[in-house]
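Beneath this line is the structure, given in structure tokens, with notes to follow.
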Amino acid sequence: MISNLFYFSFSLLFFILNFVPFSFAIGNVDWVFLKENNDGREWLDKGSIKSFPNGEITVLTKFFKNPTNSDDDGELSLYVMRINCDEKKFKDTSINGIPQFNSKWQTSNNDELIDVVIENSCSEFIDG
């Protein structure tokens, strides 16, 4: 009984680790400031851009959400985004280190901070 539980737990852990991208924050990061607007500030880790065989990429981004009132200090969040450069679509695969297993492909919906991430990430990938 205990050995079955051990094997099940080990198999489950192995399965999960196969589908969760490893943290891009391990090692050196190359943060590049992209843009600031009324919503906040956006950075891109150029060293984190990785490609997939299907032409998609992943990238680590950092977003500082501006304070909404004087009692608020703002909020810093890290995102691992998967980007389809051809279709200009993205999905967040991790937010602050928490996997987003059910994330769906979406457009930026004219969010200029997401647009600048997609544009710069895809440009780096093509040029790199």
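The values are calculated or read from the model by the stated rules, or taken from the named source; none is laboratory data. Given the structure is predicted, the values throughout are model-derived calculations rather than measurements. All Cβ positions, glycine included, derive from the backbone under ideal geometry; neighbour counts span all protein chains shown.
General observations
- Some residue of the range 61-72 being under 10 Å from the mean Cα position of the chain (by Cα), of a type in the set (D, E, K, R) and modelled with pLDDT of 95 or more: yes
- Residue 20 vs. criteria more than 18 Å from residue 124 (Cβ to Cβ) and either modelled with pLDDT of 95 or more or within 16 Å of the chain's Cα centre (by Cα) (or both): yes
- Residue that is of a type in the set (S, T, N, Q) and over 16 Å from residue 122 (Cα atoms), where the choices are 107, 93: 93
- Search result, residues across the range 39-80 that are hydrophobic (A, V, I, L, M, F, W, C) and touching a residue at least 40 places away in the same chain (Cβ under 8 Å): 44, 49, 57, 59, 63, 78, 80
- Complete set of residues in the range 56-86 that are surrounded by 11 or more Cβ atoms within 10 Å (Cβ to Cβ) and either under 15 Å from residue 126 (Cβ atoms) or of a type in the set (Val, Ile, Thr) (or both): 56, 57, 58, 59, 61, 80, 83, 84, 85
- Tallying residues that are hydrophobic (A, V, I, L, M, F, W, C) and modelled with pLDDT of 95 or more within the range 116-128 yields 3.
- Boolean, residue 113 is at pLDDT 95 or above and within 14 Å of residue 39 (Cβ to Cβ): yes
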